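The values are calculated or read from the model by the stated rules, or taken from the named source; none is laboratory data. Predicted model, so just to flag it, every value in this text is computed and none were measured. For neighbour counting, all protein chains shown are included, and Cβ atoms are generated from backbone atoms with ideal geometry for every residue, glycine included.
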Amino acid sequence: MKELILALDVTEKEKAVDIAKDVAEFVDRIKVNYPLVLSTGIRMIKELSAFKPVIADFKIADIPYTSSLIARIAFENGAESVIAHGFVGSDTLDEVCNVAKEYGGKVYAVTELSSPGGKEFMSAVSLRIVEIARKVGCDGLIAPSTRIERLREIREVAGDMEILCPGIGAQGGSLEALRYADGIIVGRGIYTAENPGKAAMEYRRVIEGV
């Protein structure tokens, strides 16, 4: 079954918890980014983990040692997995993977951003990023639903690695991504809806129909 992951990019604790409760029946995991964690504190990860496993989308991108500290803080506070930028290279990705293994967690490497700017620099090296991520032992990849042909190429190089696709909804990404991905990441299409639970249910129905 393909996964539905909520990108919970709100900034208020009460709102985040309410949305998590509403959508828990329909989503597989919740992804949090800096807006929520910087506004409410790192312990928000553990609180949301009561509803679904949490992906800490910190897009880790620093030297190996600093990156290992970021990953460790995320896992110690209840994250099930972390996201790191692939362009940092094999030494940083390897260090983050080593930390993840200590906690039984996962690491996803970003191949290229789903926004238009992702094509300016990252697209040129995204397939190389996939190769490096496979070599160092990353569990999966973050790849754009907004560029289906690129996603197809990433799948060919990735083999059986897990691929999660952001960009569905507000960024105009295509659900055709489900042909190549193991899950889709939806943010504003769910959390800005008048009824987030209903919106999540509708996305779940689409996924089940693919």
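In table form, for the structure just shown:
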| quantity | calculated |
| --- | --- |
| Criterion violated by Ala124 - all others in (1) surrounded by fewer than 16 Cβ atoms within 10 Å (Cβ to Cβ); (2) under 27 Å from Leu69 (Cβ atoms); (3) of a type in the set (A, V, I, L, M) satisfied | (2) |
| When residues of the stretch 1-13 are limited to those that are among the charged types (D, E, K, R) and not in a loop (DSSP other than H, G, I, E, B), the one nearest to Ala84 (Cα to Cα) | Glu3 |
| Selection count, the stretch 14-60, where residues are of a type outside the set (Ser, Thr, Tyr) and in a loop (DSSP other than H, G, I, E, B) | 13 |
| Options Ser81, Ser67, Ser90, Ser123; residue that is hydroxyl-bearing (Ser, Thr, Tyr) and under 22 Å from Glu3 (Cβ atoms) | Ser81 |
| Within the stretch 4-25, tally of residues that are closer than 17 Å to Gly169 by Cα and either modelled with pLDDT under 95 or touching a Leu at 6+ places or on another chain (Cβ under 7 Å) (or both) | 5 |
| Of all residues in the stretch 152-173 being crowded, with 17+ Cβ neighbours inside 10 Å and farther than 23 Å from Val125 by Cβ, the one that is nearest to the chain's Cα centre (by Cα) | Ile168 |
| Complete set of residues in the stretch 75-106 that are assigned to a loop (DSSP other than H, G, I, E, B) and of a type in the set (A, V, I, L, M) | Ala79 |
| Some residue of the stretch 19-30 being hydrophobic (A, V, I, L, M, F, W, C), closer than 22 Å to Ser145 by Cα, out of contact with any Gly (no Cβ under 9 Å at 6 or more places or on another chain) and surrounded by 23 or more Cβ atoms within 10 Å (Cβ to Cβ) | yes |
| Selection status of Gly86, small (Gly, Ala, Ser), buried (at least 23 other Cβ atoms within 10 Å of the Cβ) and at pLDDT below 95 | no |
| Residue that is touching a Phe, Trp or Tyr at 6+ places or on another chain (Cβ under 8 Å), among the charged types (D, E, K, R) and either closer than 25 Å to Arg188 by Cβ or surrounded by fewer than 21 Cβ atoms within 10 Å (Cβ to Cβ) (or both), where the choices are Glu76, Glu80, Glu47, Glu95 | Glu76 |
| Qualifying residue in the stretch 187-200 (condition: small (Gly, Ala, Ser), out of contact with any Ser or Thr (no Cβ under 7 Å at 6 or more places or on another chain), crowded, with 17+ Cβ neighbours inside 10 Å and closer than 30 Å to Asp91 by Cα) | no |
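Rundown of residues vs (1) touching a residue at least 24 places away in the same chain (Cβ under 8 Å); (2) in contact with a strand residue (DSSP E or B) (Cβ under 9 Å, 6 or more places away or on another chain); (3) in a helix (DSSP H, G or I), yes/no style:
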residue: Tyr108; (1), (2), (3): yes, yes, no
residue: Leu113; (1), (2), (3): yes, yes, no
residue: Ser123; (1), (2), (3): yes, no, no
residue: Ile129; (1), (2), (3): yes, yes, yes
residue: Ile132; (1), (2), (3): yes, yes, yes
residue: Lys135; (1), (2), (3): yes, no, yes
residue: Cys138; (1), (2), (3): yes, yes, no
